[in-house]
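To keep things clear, I will list the structure first and then write my remarks on it.
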Amino acid sequence: MRTRRVVELSAFGGPEVMSWVERPCPARAADDDVLVAVDAIGVNFADTMVRRGEYRRDQPLSFIPGFEASGRVLEGPADGSLAAGTPVILFLENGGGYADTVVLPARRVFPITDGLDTVQAAGIFTQGVTAWYAVHRYGRLGAGISVLVHAAAGGLGGLTVQLAAGAGARVIGAASTEAKLEVASGHGAAEGVLADASTLTAAVRSLTDGRGVAVVIDGVGGDLFAPSLRALAHNGRYIVVGSASQQPAMLDVRGLMPRTQTIAGFVVARVADEDPAEPARALASVQQAVLDGALRPRIEALPHTEVARAHELIESRRLTGKLVLTFD
C-alpha cells in the first residue's frame with residue numbers, strides 16, 4: 001500500500017500537538033482529480049487558528065491543516081489538461097495541505113508560470129491573491145487614491161502595499177514598531193503611522209489634510225477597527241482581509257450613512273465560488289507581477305520537519321514575510 005507523510009491533528013493546542021505521521025495515500029476518486037507530489041507548503045496565520053481549534057466552530061478532529069501548497073503532478077485528470085510532471089500551485093480550501101502527497105479537483109490546481117520555482121509559488125497564493133482582490137477587486141485603487149494598509153510589514157500587508165503602490169495609490173502603512181514601518185517603506189509606503197488605537201485617527205487625518213483616506217485595508221481588526229473607520233473619508237471603502245488580533249471589532253452603523261461609506265470582507269474561496277474565472281485570473285496576474293519584479297515577496301523556507309517552529313514564528317508576530325515548509 002502506498003503511504004504518505006501528513007500532519008494530522010488529533011488534539012487542539014500549541015505547536016507541540018503537530019507531528020508528522022505516516023498514513024495511506026489517497027487515490028484519485030474522480031476523473032477530474034489530480035494526484036500531486038508536494039514540494040512546498042505555504043504557512044499562514046489561519047493554520048495556527050486551525051491548530052488551536054479557533055478557525056471554525058465545527059472544526060473536526062482528526063484534521064490535516066494547510067490551505068496552499070505547490071508541487072508536481074503525479075497523475076493528472078482524465079481530460080489530459082495537466083500532464084504528469086507539471087509544476088502546480090494547490091488551493092486546498094478545506095485544508096489538507098500539510099502532506100507530501102495530496103489529491104484534489106483540477107479546478108483547484110493551477111500551473112506555475114515559467115520562471116517561478118515551487119518554493120516561490122507556495123508563498124504567493126493565499127496572500128498574493130488576497131492582496132490582489134483587496135487592491136483591485138474591492139479597493140479599486142488607482143493613481144492618487146489614498147489607502148491605509150494595516151500590518152504593512154507582514155506577509156499579506158507587504159504584498160498589499162506593493163500592489164497598491166504599483167497601482168499608483170498613495171499608501172500609508174500602519175505597523176506596530178518603527179522598525180516595521182521602515183520595512184513598509186521599503187515595500188512602497190509613502191508614509192507610516194504606528195498601529196496605536198489612541199493616535200491612529202489623528203495621525204492619518206494629519207497626513208491627509210483632515211479628509212481621511214479613501215480606502216482602508218485591514219487584516220488586524222480588534223481595537224484598531226474603530227479608529228481606522230474614523231480615519232476613512234466620505235465615500236470611503238473599508239476592506240476587511242483578516243483579523244490577526246483575534247479580537248472583536250465594534251461597529252456603530254449609524255456613522256456609515258452620513259459619510260456614505262461601505263465595509264466589505266471576503267475570503268478567496270467565496271470569490272472563486274461566485275466567479276468561475278477566479279482565482280486563476282488573479283493568480284496569473286500575481287505570478288506575472290513577481291516575474292516582472294513588480295511584486296517582491298519575502299519568503300523564508302524551513303524544512304518540513306520544523307512545522308512547530310514555523311507556527312511559533314508566526315504567532316510571535318515578529319515575521320516580516322512569508323514562511324514556507326519544504327520537502328527534500
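The values are calculated or read from the model by the stated rules, or taken from the named source; none is laboratory data. Keep in mind that what you see is a predicted model, and the values were worked out from it rather than measured. Every residue, glycine as well, gets a Cβ built from its backbone with ideal geometry; the counts of neighbours run over all protein chains shown.
Here are the numbers:
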{"read-out": "Selection count, segment 60-81, where residues are charged (D, E, K, R) and either more than 20 Å from Leu283 (Cβ to Cβ) or in a helix (DSSP H, G or I) (or both)", "value": "2"}
{"read-out": "Flag if Val103 is touching a residue at least 40 places away in the same chain (Cβ under 8 Å), assigned by TED's automatic domain parsing to the domain that holds Ala37, farther than 20 Å from Val268 by Cβ and not in a loop (DSSP other than H, G, I, E, B)", "value": "yes"}
{"read-out": "Some residue of segment 139-161 being in contact with an Asp or Glu (Cβ under 6 Å, 6 or more places away or on another chain) and at pLDDT 95 or above", "value": "yes"}
{"read-out": "Residues (touching a Leu at 6+ places or on another chain (Cβ under 7 Å) and in a strand (DSSP E or B)) located in segment 243-274", "value": "none"}
{"read-out": "Every pair of residues 6+ apart whose Cβ atoms lie under 7 Å, when the first sits in segment 258-281 and is more than 17 Å from Gly219 (Cβ to Cβ) while the second is part of a helix (DSSP H, G or I)", "value": "Glu278/Val271; Glu278/Ala272; Pro279/Val129; Pro279/Val268; Pro279/Val271; Pro279/Ala272"}
{"read-out": "Members of segment 270-303 that are surrounded by 21 or more Cβ atoms within 10 Å (Cβ to Cβ) and closer than 22 Å to Glu93 by Cα", "value": "Pro279, Ala282, Leu283, Val286, Gln287"}
{"read-out": "Residues (over 25 Å from the mean Cα position of the chain (by Cα), more than 13 Å from Leu35 (Cβ to Cβ) and among the small types (Gly, Ala, Ser)) located in segment 74-110", "value": "Gly80, Ser81"}
{"read-out": "Unmet requirement for Ile314, which otherwise passes all of (1) part of a helix (DSSP H, G or I); (2) without any contact (Cβ under 8 Å) to a residue 24 or more places away in the chain; (3) not small (Gly, Ala, Ser)", "value": "(2)"}
{"read-out": "Qualifying position, being touching a residue at least 12 places away in the same chain (Cβ under 8 Å), among the small types (Gly, Ala, Ser) and more than 19 Å from Val6 (Cβ to Cβ), among Gly115, Gly95", "value": "Gly115"}
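Quick grid of which residues meet (1) under 23 Å from Asp328 (Cβ atoms); (2) not in a helix (DSSP H, G or I):
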| site | (1), (2) |
| --- | --- |
| Gly13 | no, yes |
| Ala29 | no, yes |
| Val36 | yes, yes |
| Arg51 | no, no |
| Asp58 | no, yes |
| Ala84 | yes, yes |
| Leu90 | yes, yes |
| Gly95 | no, yes |
| Phe110 | no, yes |
